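Please treat every number below as a calculation from the coordinates, not as lab data. Quick caveat: nothing in here was measured; it's all calculated off a predicted structure. Virtual Cβ from ideal backbone geometry, glycine too; neighbours counted across all protein chains shown.
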Amino acid sequence: MDTAALVITIIGALNWGLVSLFQFDLVAWIGGGQGSLISRIIYGVVALAGIWCVSLLFRDRRVALTE
């Protein structure tokens, strides 16, 4: 789940980079506009992934060493 959330969050960040640099919203282009149901679902999934990634900041980072 952590890996999937990170990948989705990275994709969302790249989309925001495209918006910033080129004024091109890839999600809106794929989904048929910002207000379309598909685009809103994608934006929602990216938001949920970002919220999940916040939990990564507060987890115990100790890694068990195995021999």
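Between V7 and L57, what is the spin-label point distance in nm, taking each point 7 Å from the Cα along the Cα→C-beta axis?
So the two model labels end up 2.5 nm from each other.
Can you list the HN-Hα couplings for the stretch 47-54, worked out from phi with the Karplus curve (6.51, -1.76, 1.60; θ = phi - 60°), rounded to whole Hz and with x for Gly and Pro?
Once rounded to whole Hz, the list reads 5, 5, 5, x, 5, 4, 5, 4.
Quote the FRET efficiency, to the nearest 0.05, computed for I41 versus L18 with a Förster distance R0 of 22 Å and r equal to the Cβ-Cβ distance.
0.70
Binning at 10 angstrom from zero up to the longest distance, how are the C-alpha pair distances of the chain distributed in percent?
20, 40, 24, 10, 5, 0
Order of W52, W16 from fewest to most other C-beta atoms within 10 Å?
The order, fewest Cβ neighbours first, is W16, W52.
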